[in-house]
């Protein structure tokens, strides 16, 4: 897979993560049967793993992704997304670090795609 495709997958995974964090809880209020989907741990882990694996693959496969302007926001984004998976154990709401991490990851990949 080309790194451009990996960038697309990583950006999409990050954006889906953000949408899940922001939209699904609101939809769960309107449609309570969606509440189970909003709280399912496997969904959180799947989105996080997708984003981290795709982002890591871009860094490994493309020397141009190993520059500070990509690696810093992507690395911080991955750290926040993974850290958010454990936020509940630390008494922290996982929404804020997930959204910030997802935005950082998506922005880093979209910036690479634009160049």
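Taking the radius of gyration and the Kirkwood hydrodynamic radius from Cα positions alone, what is the Rg/Rh ratio for the range 21-115, to two decimal places? Don't skip to the answer; put the middle values down first.
Working: Rg = 14.8 Å, Rh = 14.2 Å.
Answer for the range 21-115: 1.04.
Rounded to the nearest 500, what is the 222 nm mean residue ellipticity of the chain from helices alone, with -39500 (n - 2.57) per DSSP H run of 4+ residues and division by all residues? Present the calculation step by step, with values, prior to reporting the outcome.
Working: 5 runs with 92 residues, N = 115.
Rounded to the nearest 500, it is -27000 deg cm²/dmol.
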*Computed over the Cα atoms of the range 42-95, what is the convex hull's projected area averaged over all directions, in nm²?*
3.9
*Run the quick spin-label model on residue 46 and residue 111: label points 7 Å from Cα toward the beta carbon, then report their separation in nm to one decimal.*
3.1
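Values in this text are rule-based calculations from the coordinates and carry no lab data. All of these numbers come straight from a predicted model, not from anything done at the bench. Cβ atoms come from the backbone with ideal geometry, glycine included; neighbour counts cover every protein chain shown.
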